[in-house]
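The values are calculated or read from the model by the stated rules, or taken from the named source; none is laboratory data. Just so we're clear, the structure is a prediction, and the values are computed from it rather than from any experiment. In this analysis, Cβ positions are derived from the backbone assuming ideal geometry, glycine residues included, and neighbour counts consider all displayed protein chains.
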Amino acid sequence: MGPRPAHLREQQEVTMIALLLYRTLADHIVPWATTFATRMLARELNMPEPLLHSTGDYVVAQVFAFEHGVCKSLCPFRLAALVRAWWRGQH
């Protein structure tokens, strides 16, 4: 294989620079911004950060339980069994 054409080398360099920038953003700025937002929210709500985290975990658990219950009650097999039972009771 011969040397790559110049335009392909430039494109690869741009791609590597973009990946480096994205990685820097993901590794440093995003965690800092998340921590900053959490601190600002805790300060605005006038509550300690650990309590804010605990409250968030509680809300996530409640939402998960609700969604699990709704999905369980809307399961197509369960609904089909309920309709069959209702239909048999009608006749």
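Annotations
Yes/no matrix, rows are residues, columns are (1) hydroxyl-bearing (S, T, Y); (2) in contact with a helix residue (DSSP H, G or I) (Cβ under 8 Å, 6 or more places away or on another chain):
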| site | (1), (2) |
| --- | --- |
| P31 | no, no |
| T34 | yes, no |
| L41 | no, yes |
| G56 | no, no |
| Q62 | no, no |
| P76 | no, no |
| A80 | no, no |
| A85 | no, no |
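- Taken together, A65, A6, A42, A37 contain a single residue that is modelled with pLDDT under 85 and of a type in the set (G, A, S), which is A6.
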